[in-house]
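Right, one structure below, let's go through it.
The values are calculated or read from the model by the stated rules, or taken from the named source; none is laboratory data. Everything numeric here is computed off the predicted structure, so don't read it as measured data. Side chains are part of the model used for accessible areas, which takes the heavy atoms of the whole protein and leaves out ligands, DNA and RNA. Shrake-Rupley method; radii C 1.70, N 1.55, O 1.52, S 1.80 Å.
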Amino acid sequence: MGSLSIWHWLIVLIVILLLFGSTKVSSLMGDFAKGIKSFKKNMADDESSPNSSTTQPNKTLSAADHKDDSVPFNEPPKTTISSDSEKK
């Protein structure tokens with residue numbers, strides 16, 4: 001009861017093919033394969049260049065590094081509304 005037989009998987013596959021069409025599934029699998037190849041290439045590039053990771057120290061950024069002084073933390077930004085009569 002907990003596992004599905006081969007017939008259940010075949011029915012699911014047929015329903016998926018009917019819903020999405022064979023060209024959509026084929027292009028989706030092709031894009032998936034390109035993503036895996038790109039991931040493997042980038043992982044190989046990271047492993048082949050260990051010098052770049054030793055020259056740059058690992059620094060964790062704190063909230064003070066990203067502080068924005070333009071708006072105080074607990075105050076809403078001040079807005080001014082000018083009318084056309086004040087411009088004259």
Within the chain, helices (runs of 4 or more DSSP H) holding 1 or more residues that are modelled with pLDDT of 70 or more: 6-20, 22-48
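Could you list all residues from the range 1-52 that are within 19 Å of the chain's Cα centre (by Cα) and open to solvent by 90 Å² or more (accessible area, probe 1.4 Å)?
First, the residues of the range 1-52 that are within 19 Å of the chain's Cα centre (by Cα): 28, 31-43.
Result: Leu28, Asp31, Phe32, Lys34, Lys37, Phe39, Lys40, Lys41.
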